[in-house]
Amino acid sequence: MTMIGDNLQQVRARIVTACTAAGQDPASVRLLAVSKTFGADAVREAHAAGQRAFGENYVQEGVAKIEALADLRAGIEWHCIGPLQSNKTRLVAAHFDWVHGIDRLKIAERLSEQRPAGLPALQVCLQVNVDGGANKSGVAAGEALELALAVAALPRLRLRGLMAIPEPAPDFDAQRALFLRARAVFDQLREAGLALDTLSLGMSADLEAAVSAGSTMVRVGTAIFGGR
């Protein structure tokens, strides 16, 4: 087995252990392999080890990989992670399957307008700011419902849920407390009638706390591909 394949196996085992501790079905948590700064060969290696969903933070780098791996396109789900600039929405709408970083209606509207008619609806998550910091990306918790209702009404998009990237916390309990803030917003939106199924929380260092708080998708880079 390759190094990436071995790392994937270890991460999957961590997810199973975390789910067992939280009383959840391991099948309810998806693994998103974050391949930013790693080349197409690393993605191909992970794909050969059974990984199908990949996340990219840098749009142009991601598009270059998507094109380099065109022979695998039907078997790979590409996710764009983090806040988007307006000048990148057309590229994202044309190439990616998911977007995890919508925090403004303007960005969602551009993605909706620019999604090619021949492609399936773009799957999207709102990014919520659970830290409350003015310099952090994400919609404020108190404004998430209004934005979610507006995004859900747009054509060629399908609102799937929420994502958050809180600041690193020192221990499991502190990590879980931050993730539970995102879970509370998620529950609020569902109670308002939105059919959401995705809570994208947790990375290499804190996936156990994220799963404990109800994450359905963990975004793991370093633990799979190595340090950047």
Exercise. For segment 1-47, list log₁₀ I(q)/I(0) at each q in 0.15, 0.17, 0.29 Å⁻¹, using the Debye formula over Cα point scatterers of equal strength and ignoring solvent, two decimals each.
Key: -0.46, -0.56, -1.04
Quiz item: With θ set to phi - 60° and the Karplus curve 6.51 cos²θ - 1.76 cosθ + 1.60, what are the ³J(HN,Hα) couplings of segment 28-38 in order, to the nearest whole Hz, using x for Gly and Pro?
Solution: 7, 10, 8, 9, 9, 7, 8, 9, 4, 6, 9
Quiz item: Based only on Cα atoms, what Rg/Rh ratio does segment 38-120 have, Rh being taken as Kirkwood's radius?
Solution: 0.97
Practice problem: Collect residues whose amide H, placed 1.01 Å from N in the peptide plane, falls under 5 Å from the amide H of Arg158; neighbours closer than 5 in sequence don't count. | Solution: Leu122, Gln123, Val124
Quiz item: Cα extents of segment 63-106 along the three principal axes, largest first, in whole Å?
Solution: 34, 16, 13
Exercise. Determine the distance separating the Cα centre of segment 23-58 from the Cα centre of segment 196-228; give it in Å without decimals.
Key: 11
Quiz item: So who's got an amide H within less than 5 Å of the one on Arg30, skipping anything under 5 residues away but keeping other chains? H placed 1.01 Å off N, in plane.
Solution: Met217, Val218
Self-check item: FRET efficiency for Ala192 and Glu143, using Cβ-Cβ distance with R0 set to 22 Å, rounded to 0.05
Solution: 0.95
Quiz item: Once Rh is set to the Kirkwood radius over Cα pairs, what Stokes-Einstein translational diffusion coefficient, in µm²/s, holds for the chain at a temperature of 20 °C and a viscosity of 1.002 mPa s?
Solution: 121
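Computed from the coordinates by the stated procedures, all read-outs in this text should not be read as laboratory data. The structure presented is a predicted model; accordingly, all values stated were derived computationally and were not measured. No Cβ is skipped: glycine too gets one built from the backbone with ideal geometry, and neighbour counts run over all protein chains shown.
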